[in-house]
Each structure stands twice: as C-alpha cells, then as structure tokens.
Amino acid sequence: MRGLVTMPILDDLILGRFEPGESLLHRFDAPLKLILMPVLVICSFAVTRPAALTALSALALILAACSGYPWRTWWRGLLVFRWLFLFTLLLHLCFSPGRTLFGVAFLSFDGLLQGLRVIWQLSLAVVFSSLLTLTTSPARIARAFITLAAPLQKLRLPVARAGEFILLTLHFLPLLREELIVARTVGAGQPAGVAASVRRLRENLGPLLLRLVDRAEEMALALAQGHALPAIVDPAPKRSLSSWLNWTLFGAAMLVPVFLIGLRLWPTSA
C-alpha cells in the first residue's frame, strides 16, 4: 500500500486500480458497494448547493479513511486530473454568462463559481468511483454485477456475458497504465517544454496504440484457449463483515444521498 504513494505521476491514477487490503471497505459486501458507490457518484452531480456538496465531501472523507489508504494517495490521485480541472474552470470562466470579473468583459464571475462547483463535483465522482475499484477486485465486481442483475436472466438477457465484459474492461485498465508508463520512460531523457512534449506525444501515440492492440489480442487469444489471465485474481479479504454490519453501514451511508436528492426533488414535486 505504501508503494501506491511512491510511483510516478502516471501511476498515481487511482481510478480503475485495485489494491488488496483488509480495511473496512475491502471487507464490505461487494454487491452493496456496487449499489452505493454509483448512487454517490450520481448524487455528486445531482446536487449543486454548497451545503449538500459539503455533506457529500464529509462522507467521502469518512469512506476514504475507511479504505486504509493514506491521504497523500488521494491527493495525488486527484492531482492527475489537474489539467481537466483547469480546462473545465477556464471554459466556465470565459464562456458562461453572468457578472463580469474584475470588470473584464470576457471573464465571468458567475462562470468562476460554476466552474469551481463542477470541479468539486468531478472530484467527488473520482473519489467515490476510486473507492469502488481500489477496494474491490475486478472478479468481485463482475460477480457482484451478475448477482444484482440475476433477475434479468428471466427475461433472457445475457447477464453472465455482460459480467465477462466488465471483467475484461477492468482487466485492461492496468495494461493501459503500464503502456503509458513505458511511453513516459522512453521520453524521460528528451528535452522538456510544451513543443517537445507535443512532438513526443505525436511520435509515441501510434506505437502506443499498436502495443495496446497487441496486448488486447494476446488477452483475447489466452481467453479463447481457455487460459486464466494472471491479473484476474480474487484476493478476497481474510475476514468479511457480518451481514447485519454490512446492511447497517450500507443504510447509514445511503441516508446521505437519499436525503440530499430528496431535498432537491421536493420543491419540484410539491
């Protein structure tokens, strides 16, 4: 777990990564987690009031503490998206209508506030999504999906097949990270600067895509031959939470999004 903090910046991406552990969230029931985290992500974009986002942030901090990862891991994981956050802020600052900022016609004060709110929402969505993938192995996520979607099998829907697709997608994310790290290592000794970075990106993009296609083909051939993929391992926690504790934690965490979304919908339904 400490190695998660010391890796290069491209490997600081926590979204889509799984790290084995024995924390409270690692031992939390996977199907319940698969319900809770998407609901929290939806709630992050559904609510807009600062008080509501503050409540969600408090819940995110509690869940992050229950994951067992150091705070520096979460900070560096969010720092990976800094250019996305900056671009989002600039778009809202320059193109949103409203009061001007510093008397400059093309700078919007309301756009600045809206951009900061969107960055806040994106950060919460990244944290909640990462809580699911960091503490749940791809195999457990796929099985949890199949368990939750089991009633759809009565409608002759290919639930098991969809679970396999989810498993393959989650398995492919570490391969993408590995290739990005290789591409970054190749250009480590080359000149710095924006122009040099753009030129290296143009030169390495083609080979990077070809390597990803080759890795995907190797994975498909291995599956077709009946071989197990080494990265798809299910190191389940040694101790699982009891059923009543799972449901208690699930109900307590679900109170926050249900209450916040209810407050948002209440004036509309009245």
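Can we say Arg27 is surrounded by 17 or more Cβ atoms within 10 Å (Cβ to Cβ), out of contact with any helix residue (DSSP H, G or I) (no Cβ under 8 Å at 6 or more places or on another chain), in contact (Cβ under 8 Å) with a residue 24 or more places away in the chain and under 13 Å from Leu131 (Cα atoms)? So Arg27 fits the description; yes. Look at (1) within 30 Å of Phe28 (Cα to Cα); (2) modelled with pLDDT under 70 and you find that Ala188 fails only one, number (1).
For first residues located in the range 100-120 and in contact (Cβ under 8 Å) with a residue 12 or more places away in the chain, partners that are exposed (fewer than 15 other Cβ atoms within 10 Å of the Cβ) and in a strand (DSSP E or B) and lie 6+ apart or on another chain with Cβ distances below 8 Å form the pairs Leu107/Thr100; Ser108/Thr100.
When the range 253-266 is limited to residues that are under 13 Å from Leu40 (Cβ atoms) and among the hydrophobic types (A, V, I, L, M, F, W, C), the one that is farthest from the chain's Cα centre (by Cα) turns out to be Phe259. For the criterion of being closer than 21 Å to Arg117 by Cβ, at pLDDT 90 or above and out of contact with any Leu (no Cβ under 7 Å at 6 or more places or on another chain), Ala58 passes. The set of residues from the range 46-65 being within 24 Å of Leu148 (Cα to Cα) and surrounded by fewer than 17 Cβ atoms within 10 Å (Cβ to Cβ) comprises just one member, Ala46.
Condition check ((1) of a type in the set (S, T, N, Q); (2) modelled with pLDDT of 70 or more) across all residues:
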residue: Leu212; (1), (2): no, no
residue: Leu223; (1), (2): no, no
residue: Ser243; (1), (2): yes, yes
residue: Asn246; (1), (2): yes, yes
residue: Val256; (1), (2): no, yes
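Here the range 67-111 is the region considered, the condition is being in contact with a Phe, Trp or Tyr (Cβ under 7 Å, 6 or more places away or on another chain) and of a type in the set (A, V, I, L, M, F, W, C), and the residue that is farthest from Val126 (Cα to Cα) is Leu101. Counting only residues that are surrounded by 13 or more Cβ atoms within 10 Å (Cβ to Cβ) and either at pLDDT 90 or above or charged (D, E, K, R) (or both), the range 1-23 holds 4 of them.
The values are calculated or read from the model by the stated rules, or taken from the named source; none is laboratory data. The model shown is predicted, which means the values in this text are computed figures rather than measured ones. Cβ sites come from the backbone with ideal geometry, for glycine too, and all protein chains shown count toward neighbours.
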